[in-house]
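Report on the following structure.
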Amino acid sequence: MFVHKMEIIPECRTALIYLNAEELKRFEVRTGDTEGLVNFGLGIKNIVFSVLIIDRTERVKMSFRSKGDFAANEFAGKYFQGGGHKNASGGQSEDTLENTVALFKEKIQLYKDQLQQVK
C-alpha cells in the first residue's frame, strides 16, 4: 500500500518514503507496522540510501538505511537528532512533516558526490 509513496532522488541514489498522520489513521497503521519498510528502497537498483519519515503527531520519526561506506548514523546525527549504527540509524524532528521532508531533500544534495561513489 505504501509503495506508491516512494520517491526516488536518482542523483543522490536515494529512496524516500514519507507518511502523514492522516495516512497512518486511514490505513490503521500501528506501531511496528512500518518496521522494515525503510529497507525496501535499498532493494532498488543503484539506490544506496533509504529513508522513512513518519509523522507521529508529537514528532516526526525517521529511519535511515545505507549501503557500503555511507554513514547513515552520521547524517542522522548531524541533521535529525539521531544516531545508531553506520548503516542503520534513526532520527527525529519536532518540525512539521513537510518541513522535515524539505530539509532532508536539501541536505541530501550535499552528499550527492559521496553517494555516487558508494559501491
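The table below lists the values:
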{"quantity": "Any hit, the stretch 11-29, residues being among the acidic types (Asp, Glu) and touching a residue at least 60 places away in the same chain (Cβ under 8 Å)", "calculated": "yes"}
{"quantity": "Subset tally (residues that are within 10 Å of the chain's Cα centre (by Cα) and aliphatic (A, V, I, L, M)) for the stretch 48-99", "calculated": "7"}
{"quantity": "Near pairs, Cβ below 6 angstrom, 6+ apart or cross-chain, from the stretch 107-119 (β-branched (Val, Ile, Thr)) to any residue that is outside any helix (DSSP H, G or I)", "calculated": "108/14; 118/48; 118/68; 118/70"}
{"quantity": "Residue that is modelled with the highest pLDDT, among those in the stretch 8-27 that are of a type in the set (Asp, Glu) and over 24 Å from residue 119 (Cβ atoms)", "calculated": "22"}
{"quantity": "Counted residues, the stretch 50-90 - those being of a type in the set (A, V, I, L, M, F, W, C) and under 18 Å from residue 19 (Cα atoms)", "calculated": "8"}
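The values are calculated or read from the model by the stated rules, or taken from the named source; none is laboratory data. On a predicted model such as this, the values are computed, not experimentally measured, just so you know. No Cβ is skipped: glycine too gets one built from the backbone with ideal geometry, and neighbour counts run over all protein chains shown.
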